[in-house]
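Below is one structure; the comments refer to it alone.
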């Protein structure tokens, strides 16, 4: 029982921290290094599109983390819990950087 409580607390701390970072970047995207420092207005527009894509994928990763970790907690498999705690963010970042050229063309 204590294991379930500890895992739930860890899950809510991680999800809350990621949600806080997403909100912080939405309010002030300038905290991302190099964002909107270009002289070209077209490049600044592409930067905004890329940041919106990043935030969208990070929100999806946050939802996948909640669902996957909940399944890991309910099933009692700590491996599933740990994998879903770490992997969705890395996969989201890979998708964002993989789609960067697509976002810049729009």
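Assess whether residue 12 counts as being out of contact with any helix residue (DSSP H, G or I) (no Cβ under 7 Å at 6 or more places or on another chain), more than 19 Å from residue 96 (Cβ to Cβ), assigned to a helix (DSSP H, G or I) and at pLDDT 90 or above. In short, yes. Restricting the first member to the range 61-80 and to residues that are on the phi < 0 side of the Ramachandran plot and assigned to a loop (DSSP other than H, G, I, E, B), and the second to residues that are surrounded by fewer than 16 Cβ atoms within 10 Å (Cβ to Cβ) and at pLDDT 95 or above, no beta-carbon pair is closer than 8 Å while six or more apart or on different chains.
Given the residues 48, 23, which is the only one that is surrounded by 13 or more Cβ atoms within 10 Å (Cβ to Cβ) and assigned to a helix (DSSP H, G or I)?
48
If you go through the range 52-84 and keep only what is more than 10 Å from the chain's Cα centre (by Cα), at pLDDT below 90 and buried (at least 16 other Cβ atoms within 10 Å of the Cβ), you end up with just 53.
Kindly indicate whether residue 42 is part of a helix (DSSP H, G or I), farther than 19 Å from residue 96 by Cα, without any contact (Cβ under 8 Å) to a residue 60 or more places away in the chain and out of contact with any helix residue (DSSP H, G or I) (no Cβ under 8 Å at 6 or more places or on another chain).
yes
The values are calculated or read from the model by the stated rules, or taken from the named source; none is laboratory data. Computed from a prediction, not measured in an experiment: that's the story for all the values here. Note that we place each Cβ from the backbone using ideal geometry, even for glycine, and neighbour counts take in every protein chain shown.
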